[in-house]
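Every number here is computed from the coordinates shown, using simple stated rules; none is lab data. In this text, all values refer to a predicted model and were calculated from it rather than measured experimentally. Using ideal geometry, Cβ is built from the backbone for each residue, glycine included, and neighbour counts are taken over all protein chains shown.
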Protein chains: 2
Amino acid sequence: MLTINKQRLLDDIESLARIGATPEGGVSRPAMSDADAQGRAWFRRRVEDAGLEFRQDGAGNLSAVLSSADPMAPTVLFGSHLDTVPNGGRYDGALGVLSALEALRTVRDASLALPAHLEAISFTDEEGSLLGLFGSRALCEHLSEQDFAYARGGKSALAEGMERLGITTSTVLSARRYPTDITAFVELHIEQGTRLEDAGVDIGAVTAIVGIRSYMLRFIGTAAHAGTMPMDRRADALWGASAFVQQAQMLVRDTFTPGVMNCGLIEALPGAFNIVPGEVRLALEFRHGTLERLNHMEDALLDLAERIAAEFHLRLDREMAGRDAPALMDERVVQTIEDAATALNLRHTRLMSFAGHDSQEISMIVPSAMIFVPSVQGISHNPREFTHVQDVVNGAATLLQTVLRLASAGNGESGD
Amino acid sequence: MLTINKQRLLDDIESLARIGATPEGGVSRPAMSDADAQGRAWFRRRVEDAGLEFRQDGAGNLSAVLSSADPMAPTVLFGSHLDTVPNGGRYDGALGVLSALEALRTVRDASLALPAHLEAISFTDEEGSLLGLFGSRALCEHLSEQDFAYARGGKSALAEGMERLGITTSTVLSARRYPTDITAFVELHIEQGTRLEDAGVDIGAVTAIVGIRSYMLRFIGTAAHAGTMPMDRRADALWGASAFVQQAQMLVRDTFTPGVMNCGLIEALPGAFNIVPGEVRLALEFRHGTLERLNHMEDALLDLAERIAAEFHLRLDREMAGRDAPALMDERVVQTIEDAATALNLRHTRLMSFAGHDSQEISMIVPSAMIFVPSVQGISHNPREFTHVQDVVNGAATLLQTVLRLASAGNGESGD
């Protein structure tokens with residue numbers, strides 16, 4: 001069986017981690033930053049040094065391509081992203097891109113003749129420093145000019161970043177790919193959770209990526225003097241908001257597990273030691289694997305917020321801040337991952353992804369699935385993010401075997 | 001009985017409120033701002049127009065003085081402050097200064113010969129835009145060079161402000177007054193609470209100003225991915241902090257009424273929709289009228305914070321942010337206020353002040369007390385702050401009668 005070059009892959013992970021390295025041992029390569037630009041240039045050199053074809057599309061997505069002898073052959077696409085959150089880890093994203101590159105080199109070194117083009121891809125701004133899933137959305141034609149105006153990193157920061165990458169609104173909008181040209185998409189990624197580690201399983205075959213909804217809630221009461229206004233006469237917005245945080249987490253744990261919720265931002269206004277908060281802004285986000293459960297969660301959480309606002313003599317305002325639908329992975333690709341893992345004698349299981357990934361976009365136009373490998377303690381978006389060498393190797397090997405099966409199948413079953 | 005000129009007082013309140021007027025109908029005259037400087041110039045003109053002596057001391061405190069024929073006579077001091085919080089009301093502080101000026105004019109108009117000098121004073125920066133109770137602390141020698149360095153408005157802003165007032169560190173430190181020269185201090189102020197209004201009482205005689213203690217609490221957990229980290233494995237700092245807000249308010253209401261607490265500032269770090277908060281900073285402030293109760297509250301609240309931190313698998317850090325001792329008012333001055341109100345046929349009651357005032361400083365060196373008049377709905381530090389005309393007049397009349405009694409008593413009982 002074809003095997004990847006373990007040392008070559010580990011050297012790449014090590015080299016790339018030096019670009020944007022932080023004092024805490026993490027990596028900061030936010031999309032379109034200087035460090036990201038350096039990471040992109042490094043990737044291009046590695047691709048060209050390997051004798052592979054390098055491409056950059058109109059959305060700044062980078063590819064290494066190993067073409068089939070048949071120019072009309074379909075493409076098997078696989079990869080992930082090179083950008084990171086600020087002070088993140090060295091595996092999130094990078095593992096999938098570098099393993100994809102290593103798979104290509106392995107196929108090329110073996111001079112395998114395949115009935116499909118192989119394309120290892122790195123998507124622009126998966127993490128959303130400026131505009132989340134930028135590259136994968138562009139590829140699927142899921143980006144519009146309106147999205148640029150409401151980029152969460154700010155419109156002008158996005159414009160500067162795009163200029164740095166040498167892309168424009170019109171090149172981005174032209175980056176779409178034709179689904180019929182692509183047989184399948186596979187993304188190798190660290191789990192960023194503890195289910196594989198807890199179960200002692202090597203490989204996760206991802207069946208769905210959870211949907212995510214988010215709201216900015218505003219609990220509105222009356223600012224007052226913190227000394228002279230008796231406690232029983234206050235409309236303290238923080239009392240209501242804190243009751244919501246307490247009760248929302250109990251509600252979700254009791255009723256919606258494995259669904260999750262988070263309140264990651266909170267602000268009390270006007271904001272002084274001696275003023276009773278007249279308003280609290282609270283970010284609410286929740287995730288589940290099916291539309292039905294996500295709808296139930298939304299109803300239950302918003303109803304809870306309304307009831308608590310009334311109880312604490314507050315008014316509730318809410319603004320939707322995000323809405324990503326759950327994404328179902330393709331059963332055939334999931335099975336191919338399982339077959340590959342079985343062939344490699346690796347323990348595997350099916351699971352849901354609770355994090356968003358480029359696969360959620362690509363899966364809408366191309367049959368897709370993800371390979372997860374364990375993350376120690378589930379830590380990610382953190383300098384302490386770590387995946388053991390054996391798991392790195394298992395993941396890359398499973399990716400390679402999956403891609404080889406998809407490349408062959410794609411030929412035999414084209415148009416299925 | 002000598003009566004104040006109601007229209008002259010109301011005109012002054014109206015004129016002063018135009019300086020720093022805000023679109024919402026409030027007043028912004030933060031200490032040492034341009035508006036404050038205009039307010040001070042206006043006050044000087046009003047004093048001089050009335051034929052009274054104007055003084056400014058080394059801390060920028062402004063006085064109108066009506067001297068006794070006896071140059072060795074003691075002084076009865078009374079007043080409040082002209083500065084406001086940003087977008088505050090027209091009564092907080094101003095009522096006490098303008099009523100004091102009106103009392104002086106009334107005495108002067110009546111050509112009363114008194115055995116004490118009368119001094120109506122406006123203290124610098126009571127509200128603490130730059131350095132709280134600046135003027136009254138300077139007068140009591142409770143300000144040191146260290147206080148300038150840690151001014152809450154910032155060291156350089158304070159230096160600029162002082163330059164605008166024409167004062168320096170050394171003039172401030174020389175602004176102390178000798179307690180033996182001053183018979184008593186009286187401050188008329190709006191209640192900024194609802195106890196008088198609720199009880200239908202005209203005048204409050206303040207027996208104590210509550211002590212205030214404040215802490216910045218830090219609940220420290222572990223930042224994590226809000227999707228992939230299962231809810232039951234999180235050390236979510238906001239869960240702990242919000243449980244503390246809930247339980248602290250119940251603890252204080254159940255056990256420490258009329259003592260009060262407030263959490264007026266909160267921040268979750270790193271602060272993103274999709275990151276479980278690894279740290280929450282929470283401002284805690286609490287107030288009570290006696291040292292003993294304040295100590296009990298402090299122990300109970302900090303113990304609660306520790307227990308909640310442990311329960312939520314968090315670490316607690318705390319930093320003391322302020323510590324103002326409760327201030328007992330002088331029984332003789334309190335009784336004099338009550339006698340004055342009785343003589344005026346006004347309903348009166350004793351109460352504590354839950355807000356800080358210059359009186360808490362002055363009471364440490366001179367027998368002091370405060371006169372409270374009702375504030376509609378207890379609203380203050382707000383453009384909607386309002387006190388009815390009759391209550392304004394009642395307050396000024398009570399102040400005048402109190403001052404007249406203290407001036408006579410001061411002569412008869414000097415050195416008591």
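Centre-to-centre, using Cα atoms only, segment A:294-328 and segment A:46-85 are separated by 42 Å. Considering only A:103, A:62, A:72, the residue lying farthest towards the positive end of the dipole of segment A:59-161 is A:103, judged by Cα position with unit charges set on Cβ.
With the dipole of the protein assembly as shown worked out from charges on the C-beta (+1 for Lys and Arg, -1 for Asp and Glu) around the Cα centre, which of B:174, B:403, A:355 lies farthest toward the positive end? Sorting the options by dipole projection puts first B:174.
When +1 charges are put on Lys and Arg Cβ atoms and -1 charges on Asp and Glu Cβ atoms, the dipole computed for chain A relative to its Cα centre reaches about 440 debye.
Antiparallel DSSP bridges in chain B: what percent, to the nearest 5? Could the numbers behind the result be given before it?
Values: 44 of 67 bridges.
That works out to approximately 65 percent antiparallel.
Summarise the partner chain shielding of A:216-223 as one whole number: the mean count of Cβ atoms from other chains within 10 Å of each residue's Cβ.
Values: counts 1, 0, 0, 0, 0, 0, 3, 4.
Counting Cβ atoms of other protein chains within 10 Å of each residue's Cβ and averaging gives 1.
Each copy carries a label point for residue A:258 at 7 Å from Cα toward Cβ; from one copy, the others' points are 5.7 nm away, ordered from shortest.
Across identical copies of the chain, residue B:311 has label-point separations of 1.5 nm, listed in ascending order, with the point defined 7 angstrom from Cα along Cα→Cβ. In chain B, the longest principal axis of the Cα atoms and the axis of helix B:291-311 are about 20 degrees apart. The same position residue A:112 in the other copies lies at 10.4 nm from this copy, comparing label points 7 Å beyond Cα toward the beta-carbon, shortest first.
Here the mean projected area of the convex hull built on the C-alpha positions of segment A:1-118 is 7.6 nm². Go through B:392, A:328, A:221 and say which Cα lies farthest out towards the positive end of the charge dipole of the protein assembly as shown; charges sit on Cβ, +1 for Lys and Arg, -1 for Asp and Glu. Projecting each Cα onto the dipole axis, the largest value belongs to B:392.
For segment B:90-150 versus segment A:4-32, the spacing of their alpha-carbon centroids is 65 Å. For chain A, report the translational diffusion coefficient in µm²/s to the nearest whole number, using Stokes-Einstein at 20 °C, 1.002 mPa s, and a Kirkwood Rh over Cα pairs. Once the numbers are plugged in, D ends up at 95 µm²/s. One residue of chain B places its C-beta nearer than any other to the axis carrying B onto A; that residue and its whole-Å distance are B:242, 2. Averaging over all projection directions, the Cα-based convex hull of segment B:261-375 occupies 10.4 nm² in the image plane. Over 5 Å intervals from 0, what percent of Cα-Cα pairs in segment B:86-141 sits in each interval? For segment B:86-141, the binned pair fractions read 4, 16, 19, 21, 16, 12, 8, 4, 0 percent. A Cβ-based charge dipole, computed about the Cα centre of the protein assembly as shown with Lys and Arg at +1 and Asp and Glu at -1, lands at about 200 debye. The orientation-averaged projected area of the convex hull spanned by the Cα atoms of segment A:173-316 comes to 13.4 nm².
Compared with the dominant principal axis of the Cα atoms in chain B, helix B:237-255 is inclined by about 50°. Of the beta bridges in the protein assembly as shown, as assigned by DSSP with both residues counted there, near 65 percent are antiparallel.
Normalised by 2.2 N^0.38 Å, where N counts its residues, the alpha-carbon radius of gyration of the protein assembly as shown equals 1.24. Helix A:389-412 and the longest principal axis of the Cα set of chain A meet at an angle near 60°. By the count of other C-beta atoms within 10 Å, a proxy for reagent exposure, B:348, B:288 are ordered fewest to most as B:348, B:288. If you take the Cα centroid of segment B:223-243 and the Cα centroid of segment B:352-377, the two points sit 45 Å apart. With kT/(6 pi eta Rh) evaluated at 20 °C and eta = 1.002 mPa s, and Rh the Kirkwood radius from Cα pairs, segment A:200-272 diffuses with a coefficient of 137 µm²/s according to Stokes-Einstein.
Stokes-Einstein D for segment B:54-196 at 10 °C, 1.306 mPa s, Kirkwood Rh over Cα pairs, in µm²/s? Kindly include the intermediate steps, with their values, before the conclusion.
Working: Rh = 16.0 Å.
Calculated translational D: 99 µm²/s.
Placing +1 on each Lys and Arg Cβ and -1 on each Asp and Glu Cβ, with no other charges, gives segment A:182-281 a dipole about its Cα centre of roughly 500 debye.
Please report A:91, B:215 as a ranked list, fewest other C-beta atoms within 10 angstrom at the top and most at the bottom.
B:215, A:91
If you rank B:263, A:140 by fewest surrounding Cβ atoms within 10 Å, what's the result?
On the way: B:263 26, A:140 21.
Fewest-to-most ranking of B:263, A:140: A:140, B:263.
Just the number: Rg to Rh for segment B:258-308, Cα atoms, Kirkwood Rh, two decimals.
Details: Rg = 14.3 Å, Rh = 12.7 Å.
A ratio of 1.13.
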